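The values are calculated or read from the model by the stated rules, or taken from the named source; none is laboratory data. As the structure is a computational prediction, the values presented were derived from the model and not from experiment. Cβ sites come from the backbone with ideal geometry, for glycine too, and all protein chains shown count toward neighbours. These accessible areas exclude ligands, DNA and RNA; they are computed on the full protein's heavy atoms, side chains included. Shrake-Rupley method; radii C 1.70, N 1.55, O 1.52, S 1.80 Å.
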Amino acid sequence: MTQTLLNLLAIAVPLAVGFASLFAFTTWLERKILARIQNRIGPNRISLPFTRFRRLFGLIQPAADGLKMLAKEDIVPRDADKLLHLLAPILSLVPPMMVLCLLPLELPYATAGMRALQAAALDNAVLLFFAITSLNTLAVFMAGWASRNKYSLLGGMRAVAQMVSYEIPLVLSAAVVIMAAGGMNAQAIVEAQRAQWFIFTPWGLAAFLIFFIASLAETNRSPFDLPEAESEIIAGYFTEYSGFKFALFFLGEYLAIFAVSGLAVTLFLGGGAGPWVAAYPALSCVWFLAKIFALIFVMIWLRGTLPRLRVDQLMGFAWKFLLPLSLLNLFVAAAALKLAKPWLSWPVGALVLYGAAVALSRSHRADAAPRTYSYAE
Amino acid sequence: MIEGVAFYILSTVAVLGALLAVSRRNLVHGVFALLLFFAALSGLFVMLMADYVAAVQVLVYVGAVGILQLFAIMLTEHVTGDDLRRLGARGWFWGLMLAVALPVVLLLPPLLNGEPPVPPAAPQSTARQLGSQLMEHYVVPLEVLALLLTGALIGAVAVAHGPEKDPPGKDRPA
Amino acid sequence: MRLLGFGILKGMAVTLENFVRSYFDRDRRHHLFTKEYAWEPGAPAEVLPARADTTVTAHSRNFPILLHDGADPMGGIRCVACQICERECPPQCIYIEKDYDEQGKYIKRPAIFDIDLSVCMSCQICVEVCPFDAIVMDSQFELSTANRFGGLLQHRDQLLKSNEYYHRIHPEEARARDDRMAQEKAEKEAKQAAADAAKKKAAEAKAAAEIAAEKSKPEPSAPTAGGAA
């Protein structure tokens with residue numbers, strides 16, 4: 001039993017610590033990329049203490065940020081619900097931490113005993129993933145409600161509406177992969193993509209795009225960052241949080257991004273598959289993380305490109321566009337998997353899905369026309 | 001040993017959550033306590049080797065039903081949660097009777113038989129089994145349920161839709 | 001046919017180009033706005049931001065100004081007080097009143113044109129809707145005042161800037177605007193000339209027809225109303 005406990009710790013501690021430090025790196029990465037997109041330099045001032053290293057590209061910045069967060073005063077509004085106000089940041093951190101263990105990450109030092117303990121080996125890993133991430137909504141609502149602030153409550157309600165709506169296309173697009181792999185075991189899904197990654201099929205590509213868009217909304221990333229829209233509702237549900245509680249929200253948000261990107265890599269991008277993995281199995285972990293960071297780069301890139309959606313556009317997009325498309329994709333995938341002539345799947349599948357997407361976007365276009373004026377004569 | 005400790009912790013949390021859910025006057029607190037109960041229940045399902053049911057318990061009850069209740073509360077006047085009024089219901093007596101009667105009824109057959117029920121061996125792949133059962137043996141009830149839910153959905157839309165309003169985008173004069 | 005999602009890809013291409021070229025490109029279009037360590041003593045002069053007219057780069061946009069042609073601000077004011085910008089302004093920071101002469105006749109210029117800079121969100125919509133090229137964006141950013149109430153309410157005469165000033169702060173944009181205005185004017189004149197010519201021709205033809213009609217009818221024509229049109 002001691003061995004089991006030790007094995008558990010050997011898996012859980014590196015995951016938690018490793019992803020937390022990757023979080024620090026990602027905040028730096030995001031600030032740097034956004035700065036370069038906007039023709040700025042980004043953080044570059046913090047130097048290593050007691051050394052003559054001047055810049056290091058500002059890589060020490062996250063440490064300084066963390067220190068600042070720790071040193072800040074913890075402010076709780078007078079009328080806030082003290083208990084729930086305290087619990088919300090903790091609850092926002094727990095689900096992403098839990099689902100990180102569900103990723104089929106092959107730790108290079110893992111023994112057979114450790115591997116058996118990894119939650120990715122569970123029969124219902126993907127279902128558990130969705131179940132646990134849905135708890136995040138509760139944390140957001142709890143924070144928004146407990147703060148007793150109208151901006152917080154608005155942000156919380158926006159978050160709940162958005163996360164509940166986008167969870168459906170998210171799950172439906174993942175269902176396609178479950179259908180193709182014949183199970184919800186994360187390791188089996190990676191195994192099923194040995195011959196061909198699912199993204200290289202028409203239904204897989206469509207499902208990946210839907211999944212990616214929906215995961216942007218699930219993690220409140222731009223252009224779906226309405227719950228924390230700074231220009232509209234200050235910071236949404238964490239307006240009333242300061243110091244380390246705010247840092248916990250921040251950490252939870254980034255861990256959720258890691259988790260959902262990791263799931264996308266598992267479902268569509270072949271998990272840890274990549275060149276030279278057969279020769280050096282330790283590379284599998286590196287490839288997995290590299291794919292996660294490729295997705296995160298696209299997320300940051302999108303944040304630097306797109307403006308925020310309006311609330312009605314947000315809801316319409318989920319219910320009128322993504323949902324019908326992901327339902328159609330289920331049928332396309334079923335047909336493609338049972339098709340007698342596999343070469344037909346690309347032209348027919350792409351045509352049907354693209355045609356449906358165009359038709360859907362046409363039918364819901366707002367009837368806005370440029371306004372006309374009669375000039376003063 | 002671990003199983004025993006886990007069972008008692010989970011059961012205590014579940015009972016506490018249920019008690020808090022019915023006793024708290026603050027509606028939002030009540031819902032969160034109920035969600036705690038649901039979460040503990042899903043832990044108990046895990047202990048019964050029913051991980052699929054546990055996941056569904058979290059997904060449906062904590063994720064969907066709880067959110068729905070919170071949403072419903074937010075649409076009422078009890079948004080702040082400090083409304084201290086209470087319904088003058090005198091149902092506590094019958095509720096208590098029901099709470100006592102239920103375990104008795106459930107435990108009666110094994111007690112009469114004189115031997116505790118033997119749990120069946122935990123199945124290997126619960127999701128696959130459930131799926132094939134639903135699609136083969138129980139396909140007609142499943143379809144009937146689906147039809148019923150669709151009807152309810154359409155009815156809800158019809159009730160909520162109300163009279164026609166002006167299309168959006170025309171609220172500002174040109 | 002417009003491809004679905006193509007606009008997003010196009011936008012992403014723009015931002016990616018900015019991202020990549022910010023590392024390699026040293027020309028004016030893609031250089032970094034932030035000057036690294038510009039404040040350090042001994043920094044070369046070209047590193048320090050230029051302060052003349054407070055234009056940092058040709059890309060900076062802050063708040064709207066009104067343009068006038070020539071030296072006299074009120075003589076060459078382009079604004080005709082049509083109030084389109086006032087109506088379109090999302091935060092409604094523009095206030096306009098039309099100007100009238102002694103007879104109460106509307107003369108095409110504003111009597112009052114106020115912009116509240118504490119409300120303006122620099123969206124540039126007023127610039128886009130203006131049919132007279134009268135309002136453009138300034139790059140002046142040092143606007144702090146000691147007067148908390150009304151200090152940021154800019155009046156017509158503060159807002160009026162010459163076209164030369166505009167050429168100095170946004171040379172490319174100003175040139176393009178001038179070219180377009182000249183072209184539009186030429187087109188309008190050509191159209192007007194064509195219309196005049198057509199009118200003249202029609203009148204001549206009519207006159208010729210009337211003469212012909214008179215010739216074909218020897219007796220004096222009845223007083224018909226048809227000729228008056």
Residue by residue through region A:158-208, note down the ones that are open to solvent by 20 Å² or more (accessible area, probe 1.4 Å) and not in a helix (DSSP H, G or I). A:Gly182, A:Gly183, A:Met184, A:Asn185, A:Arg194, A:Ala195, A:Gln196, A:Trp197
Identify the residue in region A:134-157 that is in contact with a Ser or Thr (Cβ under 6 Å, 6 or more places away or on another chain) and either assigned to a helix (DSSP H, G or I) or among the charged types (D, E, K, R) (or both) and, among all such residues, is nearest to A:Gln193 (Cα to Cα). A:Ala139
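Condition check ((1) open to solvent by 40 Å² or more (accessible area, probe 1.4 Å); (2) at pLDDT below 70; (3) over 25 Å from A:Phe200 (Cβ atoms)) across all residues:
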| site | (1), (2), (3) |
| --- | --- |
| A:Ala333 | no, no, no |
| A:Ala336 | no, no, no |
| A:Pro342 | yes, no, no |
| A:Pro347 | yes, no, no |
| A:Ala366 | yes, yes, yes |
| A:Glu377 | yes, yes, yes |
For region A:324-343, what are the residues that are closer than 20 Å to C:Ile8 by Cβ and aliphatic (A, V, I, L, M)? A:Leu325
Out of curiosity, is B:Met74 more than 18 Å from the chain's Cα centre (by Cα), open to solvent by less than 80 Å² (accessible area, probe 1.4 Å) and at the interface with another protein chain (Cβ under 10 Å from one of its Cβ atoms)? yes
Does A:Pro89 fit the bill of being modelled with pLDDT of 90 or more and assigned to a helix (DSSP H, G or I)? yes
Restricting attention to region C:60-84, which residues are part of a loop (DSSP other than H, G, I, E, B) and hydrophobic (A, V, I, L, M, F, W, C)? C:Phe63, C:Ala71, C:Met74, C:Cys79, C:Val80, C:Ala81, C:Cys82
I'm trying to understand the selection: among the residues of region C:151-179, which are free of Cβ contacts under 8 Å to residues at least 12 places away in the same chain and open to solvent by 50 Å² or more (accessible area, probe 1.4 Å)? C:Gln158, C:Glu164, C:His167, C:Arg175, C:Ala176, C:Asp179
State yes or no: is B:Leu102 outside the structural domain of B:Tyr8 (by TED's automatic domain parsing) and modelled with pLDDT of 85 or more? yes
Hits in region B:1-28 (condition: within 13 Å of another protein chain (Cβ to nearest Cβ) and among the aliphatic types (A, V, I, L, M)): B:Met1, B:Ile2, B:Val5, B:Leu20, B:Leu27, B:Val28
For region A:247-286, how many residues meet the condition of being open to solvent by 50 Å² or more (accessible area, probe 1.4 Å) and in a helix (DSSP H, G or I)? 2
Testing C:Phe141 on (1) outside any loop (DSSP other than H, G, I, E, B); (2) touching a residue at least 24 places away in the same chain (Cβ under 8 Å), one condition comes back false. Which one is that? (1)
Given the criteria surrounded by 14 or more Cβ atoms within 10 Å (Cβ to Cβ) and in a helix (DSSP H, G or I), does B:Gly4 qualify? no
Only one of these conditions is not met by B:Ala174: (1) modelled with pLDDT of 75 or more; (2) open to solvent by less than 90 Å² (accessible area, probe 1.4 Å); (3) not assigned by TED's automatic domain parsing to the domain that holds B:Gly30. Which number is it? (1)
The condition from (1) within 14 Å of another protein chain (Cβ to nearest Cβ); (2) assigned to a loop (DSSP other than H, G, I, E, B); (3) surrounded by fewer than 17 Cβ atoms within 10 Å (Cβ to Cβ) that C:Glu97 misses is numbered (2)
Subset of region A:302-347 (residues that are basic (Lys, Arg) and out of contact with any His (no Cβ under 6 Å at 6 or more places or on another chain)): A:Arg303, A:Arg308, A:Arg310, A:Lys338, A:Lys341
Do we have any residue at all in region A:46-66 that's at pLDDT 85 or above, closer than 23 Å to A:Tyr109 by Cβ and more than 14 Å from every other protein chain (Cβ to nearest Cβ)? no
Could you please let me know if A:Ile90 is more than 26 Å from A:Asn185 (Cβ to Cβ) and β-branched (Val, Ile, Thr)? yes
Could you tell me whether region A:94-109 includes any residue that is facing chain B (nearest Cβ under 10 Å), open to solvent by 20 Å² or more (accessible area, probe 1.4 Å) and within 17 Å of the chain's Cα centre (by Cα)? no
